[in-house]
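Values in this text are rule-based calculations from the coordinates and carry no lab data. All values reported here derive from a predicted model rather than from experimental measurement. When we count neighbours, we look across all protein chains shown, and the Cβ atoms used for this are built from the backbone with ideal geometry, even at glycine.
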Amino acid sequence: MSALLPVFPGVIVWPEAAQRAVFLAVAIAAVWLFYKTVDRRLFAHFPRPWVLPPGPLGKRLWRTFSEVFLQSRVIRDRPAAGIFHALVFWGFLAFAWVSAKHLALGVLGFDRAEPSAGFYDAFAGVWAIAVLLGIGALTFRRFILRPRALGKLSATSGVVAFLISALMVTYLLEWKVFSPPSTAWIVNWWAHTLAFFALLVVIPQSKHLHLLLSPFAIFFREETTSRVRPLREDGEDLGMVHFKDLAWKDVLDVNACVECGRCTQFCPANQIGGSLSPKEIILNMQHGLLRGGDLVAGTAEEKRAGSVWIDEQDLFQCLSCGACEYVCPVGIEHVGRKILDLRRGLVSEGRVSNEKVVKLFTTMERAPHNPWGIMQDTRKKFVDAKQFPIFDGKQEWLFWLGCGLNFDPHGQEVALAMKQILDAAGVSWGVLARESCCGEPARRAGNEYLYLQLAEELTSSLAEHGVKKIVACCPHCTTMLDKDYRQTKAYADLGIRVVHHSEMIEELLPKLSLKPSGESVTYHDPCYLARGRGITEAPRQILESCGVSITEAGHHGKNTYCCGAGGAQLFITDDRRGESVERVNQKRFAQLAETKASTIAVACPYCPIMLRDAAGAAKRDDIAILDLAEIVARRLSAAGDQPKTL
Ligand code: SF4
Ligand code: SF4
């Protein structure tokens, strides 16, 4: 090939060495700009040392493969847009080798160029068409259809769509139209190269940084939702207060957001017209971090004055249901790591103005330490009257009642049903003579100090009684005793096995003789059980063993819909009864009623409180709302079973 290369035919002629120098200069500048932007957005904010979260490597790798390479989550929640996104992503992968070969010519010289006539060139050509199709459809959606969840139009999205299309078109021209070393081929090569480096510069400056960050955010995400981290033991960790408190996963998260709006679209608190938008929480954190913000959250006035980035009232609307984390396609953890940690920061610094939150803490701080403020005598009378055995260290299982089963009238019926099941299966069990709250509402509402006090008391009591196994009917208590409490060494050292009653009843099924029923049932998955613990099969297995026919609601399994009680909302919600808005519990009840099932099965004492309230408002007392334990116990009674011994 000639040493002189016409770049613009008849106008400029460059020697090959000059063209190589220009290529290297452009490449180095683009890579440098790329690095500087990633450093400014990411590395500059990473706290040191990096502490990687523990967890099963195999599961994390599989999740990353499934969600990143197979695009499973992207397609699951928005199938049409998801497929087009997947086409673009898979096209990028197919193009990796083409790009490597293409760029190599900039260093090796164009005399190494060969016509694109091989199998791989044809393969990449097909993918180039698929990418153009995907980009065209996504651009149409974003700029013409403009779904509300995507928010404001973004110029960068248009630039990125143009550059990706330019890459594909220039590749197709190289594949089918131009041959090396023609002038047209060289011009086309430069157009492709400049589009490539322009993308390298634009991507880290925009939401498209998710291309780079999402595999890491997904890999390091917790398997279950809404997990609250333990505070550091240096005494200076009060929760998330300042931007400098962000852990590296939080820095990764806030920069990985692709602004798709799924979290807000699926957020029940937002759907009923609340101001909480998990997407805005993440983006406001991103803006605050990158613009050198100090305090993350505060009052509405402070937000208006620009001294904080998130309004406290938004944080206290969260149900900690985990729907946002469940749908986020890039592995962002909104709830335990951010919303609840920000609540904790505000409470620790005494900067909470929400009166209902303050009232909850005042009630729980006073003996008898439960969120309803009901006296221990009430519980004692119930336990004595129903002859619950008292745990004295000789029994195998501690049946933890929790506030729901201790004090709520329906909860007490669930406790009795569970008593019947445990006796029928010949389990050796007992309840504590005295129970305070495990501290769940306190921790979820942000009062770490109160939670730690209650946890310390309960830990001593469990150690004193020699408890080794606990069963609870409440997924919130189960999560506390199985996850949150284990963050303190004194409790973790006790090595207590903790199960939800659905897990235990499933294990006990072979020992129970159940008379089948022809009832139609729909099962409402509690958020803390389905998304928080990943348990969706055991309750259905139990119902099937009762012979009922199960009709699933649209939202079920891990895609469940909150009843409206979680995140301490049962005690602090601003229920807006005066306004003509549908509340979260009413929305959920309507979804369940739509199945036309005669019974709604639940597995949490909070859910029936919320659903019964909604059923009352809808005047639907024809639908029974029963806990799994009640359904099983009724089948036991029907079978006329007597307690069995092992
Ligand atoms: S946890 Fe639930 S209520 Fe809270 S932000 Fe996420 S989706 Fe909304
Ligand atoms: S946080 Fe996740 S779901 Fe929400 S807008 Fe960002 S990428 Fe989408």
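Things to note:
- 27 Å Cα-Cα reach of residue 303 towards lysines, excluding residues that sit fewer than 8 places from it in its own chain: 152, 207, 244, 249, 279, 338, 356, 359
- Among the listed pairs 419/469; 483/558; 59/587, those beyond 23 Å (Cα-Cα): 59/587
- Footprinting exposure proxy ranking of 546, 318, fewest other C-beta atoms within 10 angstrom first, gives 546, 318.
- Residues in the stretch 218-254 that a label on residue 452 would reach, taking backbone N under 12 Å of a point 7 Å out along Cα→Cβ: 230-239
- Antiparallel DSSP beta bridges within the chain, as percent of all bridges there, nearest 5: 20 percent
- Other residues lying with their Cβ under 11 Å from the Cβ of residue 398 contribute a combined charge of 0, Lys and Arg counting +1, Asp and Glu -1.
- With Cα atoms, 0 to 90° folded angle of helix 584-593 axis to the chain main axis: 80 degrees
- Cross-link partners of residue 515 among lysines, defined as those whose alpha carbon lies under 17 angstrom from its own and excluding same-chain residues fewer than eight positions apart: 644.
- Tail beyond 27 Å, pair distance distribution of the stretch 509-639 (Cα, percent): 18 percent
- For the stretch 214-272, trypsin sites (Lys or Arg not before Pro) are listed when DSSP marks them as loop and at most 15 other Cβ atoms sit within 10 Å of their Cβ; the list is 232.
- A dipole drawn for the chain from +1 and -1 charges on Cβ atoms has a positive end, and of 315, 131, 30 the residue lying farthest that way is 131.
- Likely footprinting exposure, 325, 456, 67, fewest C-beta neighbours within 10 Å first: 456, 67, 325
- Entry note, the chain: the mean residue ellipticity at 222 nm calculated from DSSP H runs of n ≥ 4, each adding -39500 (n - 2.57), is -15500 deg cm²/dmol after division by the residues and rounding to the nearest 500.
- Alpha-carbon Rg with Dmax, taken over the chain, Å: 29.3, 102
- The distance separating the Cα centre of the stretch 254-277 from that of the stretch 587-634 comes to 27 Å.
- The dipole here belongs to the chain: it is taken about the Cα centre, uses +1 on the Cβ of Lys and Arg and -1 on the Cβ of Asp and Glu, and is about 880 debye.
- Distance from the alpha carbon centroid of the stretch 146-161 to that of the stretch 494-551 works out to 44 angstrom.
- Alpha-carbon Debye profile of the stretch 243-356, log10 I(q)/I(0) at 0.13, 0.18, 0.24 Å⁻¹: -0.44, -0.87, -1.56
- Using a cutoff of 8 angstrom between alpha carbon atoms and counting only pairs six or more residues apart, the relative contact order for the chain works out to 11 percent.
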